[in-house]
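Report on one structure; see the data block that follows.
The values are calculated or read from the model by the stated rules, or taken from the named source; none is laboratory data. Worth saying up front: this structure is predicted, and the values here are computed from it rather than measured. All Cβ positions, glycine included, derive from the backbone under ideal geometry; neighbour counts span all protein chains shown. For accessibility, only protein heavy atoms count, side chains too; no ligands or nucleic acids. Shrake-Rupley method; radii C 1.70, N 1.55, O 1.52, S 1.80 Å.
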Amino acid sequence: MDMTRRPRRLRRDGVRGLVSETTLNASDLIAPVFVDATTDERVPIESMPGHERVPVSEAVARVEEVLATGVEAVIVFGIPESKDARGSRAWAEDGVVQEAVRRITAETDAYVITDVCLCEYTEHGHCGVLTSEARERWEARRSDPSVADGAHAGEGLTVKNDETLDLLARTAVSHVEAGADMVAPSSMADGQVGALRTALDEASHENVPVMAYAVKYESAFYGPFRDAADGAPAFGDRRHYQMDPANRREAMRMAERDAAAGADVLMVKPALPYLDVVADVRREFDHPVAAYNVSGEYAMLQAAGEKGWLDATESAYESVLSIKRAGADLIITYFAEDIARSLP
Ligand code: PBG
């Protein structure tokens, strides 16, 4: 054995910090905030211990809690008072996100990002306008649950792509007019970044950046979020529009398309099971890379922590540090506040 190399020399306490390759800062983190128009009080989210849906009247207080930890950015999700086939509360001037963002930007210094999607706003829970075939089948199933779930069987495309783009663009513009600093389209409609960029520019918001959910997989790890934001699909799944977890090369095509369409930040989602993809995007693009450490990644550590099987705080820190080490510059995480509080 070559005893001239002793890596342990650099693992001693005084020198560890000097040779450390990755540092997590509160300014890397984005905290998700759920604003719920159906409630007057804070409602704990059962599958995400420590998180709550807050009424519009508490949105500012909630964001102030985030800021007090040192985290400077939030991403706002809304639960509307009512839903319809097209998700029209998503772009309503007095919609839940618009009202919350207006207050947050008026009263705090937070950097406010909004998620631009329709699944929380449509009564069927899909991220866009249904095709007539999917709509008919869904209506038939509502009266007779034995009718086959066509979308699930992979028979048809559930969501009309091009018609959805216009609604996403309207939603993004309405968020920005309410004060949002950045918009993040997450419906996985082809062309969503270009549609938002064009609409924002036409409305003279050319300085508002778009963070593209460029590489978003059809993931089982979104389960707790769908409870939190009440956005689970009422039938079928999202495999016709979200990415197949088997695909790594496709991620590069997705990121390339969004980069060409003017995305300012490229996101990979989920994070931990897809760190290879985070590293690929980091290597191939010079854009800032975001990673979304999603609800299921949060819930599993919390659940194991509650059981005493692991230390949730330490494993959360290690997870988020690893996401940064893999190449993410911005990390959306439900651990944002806990981690920021524990940083030196
Ligand atoms: C909206 C959206 C989802 C998430 C973020 N934006 C749900 C989904 O695509 O099903 C998931 C976030 C999480 O799980 O933390 N489309």
Output the number of the condition that P44 fails; it satisfies all remaining conditions of (1) closer than 20 Å to G125 by Cβ; (2) of a type outside the set (F, W, Y); (3) open to solvent by 10 Å² or more (accessible area, probe 1.4 Å).
(1)
Quick check on this structure: which one of E52, E93, E58 is over 20 Å from R226 (Cβ atoms) and touching a strand residue (DSSP E or B) at 6+ places or on another chain (Cβ under 9 Å)?
E58
Run down P288, P344 and say which single residue is surrounded by fewer than 21 Cβ atoms within 10 Å (Cβ to Cβ) and at pLDDT 95 or above.
P288
Selected residue (criterion: surrounded by the most Cβ atoms within 10 Å (Cβ to Cβ)) from residues of the range 231-247 that are more than 11 Å from the ligand (Cβ to nearest atom) and farther than 20 Å from Q192 by Cα:
G236
When you go through (1) more than 16 Å from the ligand (Cβ to nearest atom); (2) surrounded by 14 or more Cβ atoms within 10 Å (Cβ to Cβ); (3) in contact (Cβ under 8 Å) with a residue 40 or more places away in the chain; (4) not in a helix (DSSP H, G or I) one by one for F34, which number turns out not to apply?
(1)
Of the residues A212, A189, A220, which single one is within 13 Å of the ligand (Cβ to nearest atom) and at pLDDT below 95?
A189
Which condition from (1) touching a Ser or Thr at 6+ places or on another chain (Cβ under 9 Å); (2) under 30 Å from K83 (Cα atoms) is the one that L321 breaks?
(2)
Subset of the range 66-90, residues surrounded by fewer than 16 Cβ atoms within 10 Å (Cβ to Cβ) and small (G, A, S), comes to A68, S82, A85
Can you tell me which residue among V15, V63 is open to solvent by less than 60 Å² (accessible area, probe 1.4 Å) and either within 23 Å of the chain's Cα centre (by Cα) or within 16 Å of the ligand (Cβ to nearest atom) (or both)?
V63
For the structure I just gave you, tell me whether T105 is within 15 Å of the ligand (Cβ to nearest atom) and not aliphatic (A, V, I, L, M).
no
Filtering the range 100-123 for residues that are within 20 Å of the chain's Cα centre (by Cα) and either among the acidic types (D, E) or closer than 23 Å to R238 by Cβ (or both) leaves a count of 10
Is it the case that some residue within the range 195-208 is of a type in the set (V, I, T) and within 16 Å of the ligand (Cβ to nearest atom)?
no
